[in-house]
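Novice: Pasting in a structure now, in structure tokens, and then I'll have a few things to ask.
Quick note: the coordinates plus some simple rules give every number you see, no bench work behind them. Since the structure is predicted, the reported quantities are computational estimates derived from the model, not experimental observations. Cβ placement follows ideal geometry from the backbone for every residue including glycine, while neighbour counts extend to all protein chains displayed.
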Amino acid sequence: MIGGSHGRIEAQGARKLHVNNMMICYIALAALWLTTTLCIPGFNTLEHNINTLQTASFLGIIAAAQTIVVITGGIDLSVSGVLTFASVMIAALLKTDIHPIACMLVTLAAGAGIGAFNAFAINFLRIPPLLMSIATLSLIEGALLVATHGTPPGGQSELIFWLSKGKPLLGIPNSVWFWAIVSMVIFWLLHRSRYGRHIFCIGANTKVSLLSGIKIKKLTFTVYMVSSLLSSLAGVLLFGYIGNTSLTMGTPYQLDSIIAVVLGGTPIVGGKGNILGTIAGVLIMVLVKDMLNVLRMGQAGREILLGVIIVLLLLTYGRERANR
């Protein structure tokens, strides 16, 4: 009973929106937006802002899933591979006589299966999430290279194109609406459901969660399946947006999704966090990259900046486990 009560108290505390971290993130976002508006003429027009939201939507969907994983104390580095896998798979399926919707559903189901594979190894083979997701990423990349001989297929569909780039409502692309819906669902799951309470409890203290009767293995399965499912959705939408695929399509989203989550106030050690902060983190990442493109900063400078951001995040959040 003591363990159960303690677990509920920790979970309730962890589930609260961390207003301070989130406000800092949104203040930083507003300052960045204002700076680009004042310093780069024509940067923040309505059309450019809508395009920025569309670019952010693909990262936002993956980061939303990564938020749940990180809150549990895990990490999923296979998201980039799953995104690439989904884009290649749907491109191949679209070259057949299968209806585009069926192609999309099969691709999403296959992506969820990859998440189940990750969860099985984490639960029953006791492989740490970091190592398991890296192994899965390597397996996906190798399998895609063998299956495509280095040249992925090039199918396309008007429906998939419309699902990503169509603007049937308020002039906002469908991919942005997908991101909004995903974010709202995850917000409800994390902060308004028993499922979310258990996720926070696992991240805060695994042993207490076990004493409280929480089914950790079952939750782990759902968390990693959701992560891969949403990564597959991002892959399908990105394929529709670009109109093509490549074997490195998902690479930029691997670290970016984690950085966006941590920027939004979710510590890498888990137990805390919220999707609203992640949204701000995603927008900051996209705005910074967009600004660097306009300023024509070289690749070396970008890599150095990314390294500095990672170090700062580790200094900010890396010690939280010791303080619990």
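Novice: When the residues of the range 123-165 are filtered to those that are free of Cβ contacts under 8 Å to residues at least 60 places away in the same chain and among the hydroxyl-bearing types (Ser, Thr, Tyr), which remaining residue is nearest to Val236 (Cα to Cα)?
Specialist: Only one residue fits best here, namely Thr151.
Novice: Answer yes or no as to whether Gly213 is out of contact with any Asp or Glu (no Cβ under 6 Å at 6 or more places or on another chain), in a loop (DSSP other than H, G, I, E, B) and either within 27 Å of Met104 (Cα to Cα) or not charged (D, E, K, R) (or both).
Specialist: yes
Novice: Could you say which residue among Thr245, Thr266 is outside any helix (DSSP H, G or I), among the polar types (S, T, N, Q) and over 18 Å from the mean Cα position of the chain (by Cα)?
Specialist: So the residue among Thr245, Thr266 that is outside any helix (DSSP H, G or I), among the polar types (S, T, N, Q) and over 18 Å from the mean Cα position of the chain (by Cα) is Thr245.
Novice: Then there's this: Tell me, which helices (runs of 4 or more DSSP H) wholly within the range 109-192 include 2 or more residues that are of a type in the set (Gly, Ala, Ser)? Don't jump to the end; show me each part of the working.
Specialist: Working: elements: 129-148, 158-165, 174-192.
Qualifying helices (runs of 4 or more DSSP H): 129-148, 174-192.
Novice: Continuing with the same structure: Within the set of pairs 6+ apart or on separate chains, which have a first residue in the range 257-268 that is in contact (Cβ under 8 Å) with a residue 24 or more places away in the chain, a second that is in a loop (DSSP other than H, G, I, E, B), and C-beta atoms under 6 Å apart?
Specialist: Short answer, once both residue conditions are applied: Val262/Ile268; Gly265/His18; Thr266/Gly273; Pro267/Glu320.
Novice: Restricting the search to the range 183-217, which residues are aliphatic (A, V, I, L, M), surrounded by 19 or more Cβ atoms within 10 Å (Cβ to Cβ) and within 18 Å of the chain's Cα centre (by Cα)? Reasoning before the result, please.
Specialist: Taking the range 183-217 first, the residues aliphatic (A, V, I, L, M) are 184-186, 189-190, 199, 202, 204, 208, 210-211, 214, 216.
Filter again for surrounded by 19 or more Cβ atoms within 10 Å (Cβ to Cβ), leaving 186, 190, 199, 202, 204, 208, 214.
Within the range 183-217, Ile186, Leu190, Ile199 meet the criteria.
Novice: Select from the range 92-108 the residues that are in a loop (DSSP other than H, G, I, E, B) and either under 23 Å from Val69 (Cα atoms) or hydrophobic (A, V, I, L, M, F, W, C) (or both) and list them in ascending order.
Specialist: Leu94, Ile98
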